[in-house]
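Undergrad: Please see the structure below; I have some questions.
The values are calculated or read from the model by the stated rules, or taken from the named source; none is laboratory data. Since the model is a prediction, treat every value here as computed from it, not as a measurement. Using ideal geometry, Cβ is built from the backbone for each residue, glycine included, and neighbour counts are taken over all protein chains shown. Accessible surface is based on the protein model in full, side chains and every heavy atom, while ligands, DNA and RNA are left aside. Shrake-Rupley method; radii C 1.70, N 1.55, O 1.52, S 1.80 Å.
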Amino acid sequence: MQVLVTGGAGFIGSHYVRSLLRGGYPAFADADVVVLDLLTYAGTRTNLAPVADDPRLRFVQGDIRDADAVARVMAGTDVVVHFAAESHVDRSIAGAADFVSTNVVGTQVLLQAALQSGVSRFVHVSTDEVYGSIDEGSWPETHPLEPNSPYSASKAGSDLLVRSFHRTHGLPVCITRCSNNYGPHQFPEKVIPLFVTNLLDGKKVPLYGDGLNVRDWLHVDDHCRGIQLVAEKGRDGEVYNIGGGTELTNSELTMRLLEAVGADGSMVERVADRLGHDRRYSVDWSKIADELGYAPRVPFDEGLAATVAWYREHRAWWEPLKYGS
Ligand SMILES: NC(=O)c1ccc[n+]([C@@H]2O[C@H](COP(=O)([O-])OP(=O)(O)OC[C@H]3O[C@@H](n4cnc5c(N)ncnc54)[C@H](O)[C@@H]3O)[C@@H](O)[C@H]2O)c1
């Protein structure tokens with residue numbers, strides 16, 4: 001079996017690849033893995049260093065928007081797990097062009113190549129942000145897409161293209177929509193690694209607006225297990241939400257991070273709110289739980305403590321990404 005992992009040098013994709021090659025997914029124990037990654041600012045080969053010597057891994061630096069490059073890596077592929085994307089909301093507010101070209105056009109190029117090469121499964125990794133913002137309750141997969149940021153709009157566009165390749169061509173796709181991931185190897189622009197690395201360097205942390213925006217936190221290992229369940233057993237054409245089960249306001253999250261690093265409230269700097277900042281995300285993940293037996297395993301407090309410890313111990317990983325080499 002050959003698995004093509006796009007964006008496999010990024011935060012979540014590299015966790016998936018390391019888990020697979022270390023035997024974490026027995027059904028794929030013998031799989032060869034091809035990683036296709038452009039190595040944008042967000043991708044780094046060091047994320048794959050722990051498995052770099054594994055003969056089952058082949059790394060290809062290339063762009064998912066490049067139809068020739070994609071056709072070459074797609075040859076012989078059985079399963080595609082598509083992580084590659086521009087993923088940071090703030091960057092999409094500053095400029096949306098790369099988001100549209102990578103997330104929408106890049107996904108279309110992959111779908112076309114997957115169709116031509118006859119893959120047996122295409123898992124598209126998306127986000128709960130495509131549903132918009134919800135004050136109460138949780139979104140089921142059938143909720144209309146109401147994205148509010150250029151990032152989430154580009155992901156929603158890619159979701160609709162994936163759906164269309166199933167409806168029109170019968171491509172065996174599944175879409176996953178997860179909540180906010182955290183864990184080791186996350187680029188230090190996202191809130192948890194940004195705050196932790198700032199605090200480790202004695203710098204203040206910028207808290208948006210009133211700090212009451214609510215996010216559900218999902219450990220990257222739980223997310224990847226959910227993706228794997230979908231890759232193995234998901235029904236063609238279906239969408240599966242993947243949640244973590246820990247909803248916190250950004251203020252609550254900040255307090256926990258201050259505590260974990262041994263800092264106090266004087267290290268918090270209130271900053272103007274993000275434009276169009278969604279108030280609350282909350283996915284109903286009962287479908288993947290009932291159909292595929294998914295449940296998050298990493299208790300948030302343990303996962304957060306381990307994540308903080310990882311950043312404390314891996315300055316050599318994050319300092320060049322944050323400050324340049
Ligand atoms: N991080 C989260 O909390 C979260 C939440 C929901 C959904 N997601 C989705 O999960 C996926 C992975 O997210 P992540 O946090 O690991 O992102 P990331 O930004 O850490 O990694 C993205 C990877 O994609 C690569 N890439 C970007 N453009 C490319 C292109 N044109 N061609 C080939 N490779 C390219 C980058 O080099 C990088 O390695 C994304 O699709 C994202 O939308 C992430």
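Undergrad: Would you calculate a helix-derived [θ] at 222 nm for the chain, using -39,500 (n - 2.57) for each DSSP H run of n ≥ 4 and dividing by the full residue count, to the nearest 500?
TA: Calculated from helices alone, the mean residue ellipticity at 222 nm is -11500 deg cm²/dmol.
Undergrad: Given the whole protein assembly as supplied and a 1.4 Å probe, what does the accessible area of C174 come to in Å², nearest 10?
TA: 0
Undergrad: Considering only protein heavy atoms, what is the solvent-accessible area of M267 at a probe of 1.4 Å, reported in Å² to the nearest 10?
TA: 40
Undergrad: Given H placed on each backbone N at 1.01 Å, which residues far from V173 in sequence or on other chains put an amide H within less than 5 Å of it?
TA: So V173 has HN proximity to F122, G237.
Undergrad: Would you list, by chain and number, the lysines whose Cα falls below 16 Å from the Cα of K287, excluding same-chain residues fewer than 8 positions away?
TA: Straight-line reach from K287, under 16 Å: K233.
Undergrad: Could you calculate the contour length gain from A306 to M255, that is, 0.36 nm times the residue separation minus the distance between their Cα atoms, to one decimal place in nm?
TA: Length gained, A306 through M255: 16.7 nm.
Undergrad: Measure out, as a whole number of angstrom, how far apart the alpha-carbon centroids of region 105-171 and region 265-294 sit.
TA: Using only Cα atoms, the two centres lie 19 Å from each other.
Undergrad: Counting only residues 5 or more places away or on other chains, whose amide H sits under 5 Å from the amide H of V33 once H atoms are built in the peptide plane?
TA: V3, L57, R58
Undergrad: To make sure I understand the rule: partners must be lysines, Cα under 26 Å from the Cα of K204, and not fewer than 8 residues away in the same chain. Which ones qualify?
TA: Once the sequence-local lysines are set aside, what remains near K204 is K190, K322.
Undergrad: Okay, moving on. Return the sequence-ordered ³J(HN,Hα) values of region 267-274 in whole Hz as given by the Karplus equation 6.51 cos²θ - 1.76 cosθ + 1.60 applied to θ = phi - 60°, using x for Gly and Pro.
TA: Listing the rounded values in order: 8, 9, 10, 6, 10, 4, 5, 5 Hz.
Undergrad: For region 44-58, just list the computed ³J(HN,Hα) in residue order, Karplus coefficients 6.51, -1.76 and 1.60, θ = phi - 60°, integers in Hz, with x standing in for Gly and Pro.
TA: Running phi through 6.51 cos²θ - 1.76 cosθ + 1.60 with θ = phi - 60° gives 8, 4, 4, 5, 9, 3, x, 10, 4, 8, 6, x, 7, 9, 10 Hz.
Undergrad: What are the trypsin sites (Lys or Arg not before Pro) within region 248-308 that DSSP puts in a loop, where the Cβ has at most 11 other Cβ atoms within 10 Å?
TA: The qualifying sites are R297.
Undergrad: Something else now. Return the aspartates and glutamates within reach of K203: Cα separation strictly under 16 angstrom, same-chain partners fewer than 8 residues apart disregarded; answer none if there are no such residues.
TA: Cα-Cα hits under 16 Å: E189, E259, D264, E269, E319.
Undergrad: For the chain, what is the largest minus smallest coordinate of the Cα atoms on each principal axis, given in angstrom and ordered from greatest to least?
TA: Cα spread of the chain along its principal axes, largest to smallest: 57, 44, 38 Å.
Undergrad: Let me ask something else. For region 216-274, how big is Rg over Rh, using alpha carbon atoms and the Kirkwood form of Rh?
TA: 1.19
Undergrad: Using modelled amide H (1.01 Å from N, peptide plane; none on Pro or chain starts), what sits under 5 Å from the amide H of T127, excluding residues fewer than 5 places away?
TA: For T127, whose amide H was placed from the backbone, the distant partners under 5 Å are C178.
Undergrad: Counting only other residues whose beta carbon sits under 15 Å from that of G237, what net charge do I get with K and R as +1, D and E as -1?
TA: Taking every Cβ under 15 Å from that of G237, the sum is +2.
Undergrad: Work out how much length S164 to A71 would gain on full extension: take 0.36 nm times their residue separation and subtract the Cα-Cα distance, in nm to one decimal.
TA: 31.5 nm
Undergrad: Taking the Cα centre of the chain as origin and charging only Cβ (+1 Lys, Arg; -1 Asp, Glu), how large is the dipole, in debye to the nearest 20?
TA: About 540 debye.
Undergrad: Rounded, prolate or oblate, given the Cα gyration tensor of region 1-136, with a/c below 1.5 counting as rounded?
TA: Cα axes put region 1-136 in the prolate bin.
Undergrad: Given the protein chains as shown and a 1.4 Å probe, how many square angstrom of T142 are accessible, to the nearest 10?
TA: 120
Undergrad: From the phi of every residue in region 208-216, what ³J(HN,Hα) in whole Hz does the Karplus formula 6.51 cos²θ - 1.76 cosθ + 1.60 yield, where θ is phi - 60° and glycine or proline is x?
TA: Rounded to whole hertz, the list is 5, x, 8, x, 9, 5, 10, 10, 9.
Undergrad: At 1.4 Å probe radius, can you tell me the per residue accessible area of the chain in Å²?
TA: Ligands and nucleic acids excluded, the result is 40 Å² per residue.
Undergrad: If you don't mind, there's one more thing I want to ask. Test of understanding: what is the full-extension gain from R297 to R279, defined as 0.36 nm times their sequence separation minus their Cα-Cα distance?
TA: Taking R297 through R279 to full extension adds about 3.8 nm, to one decimal.
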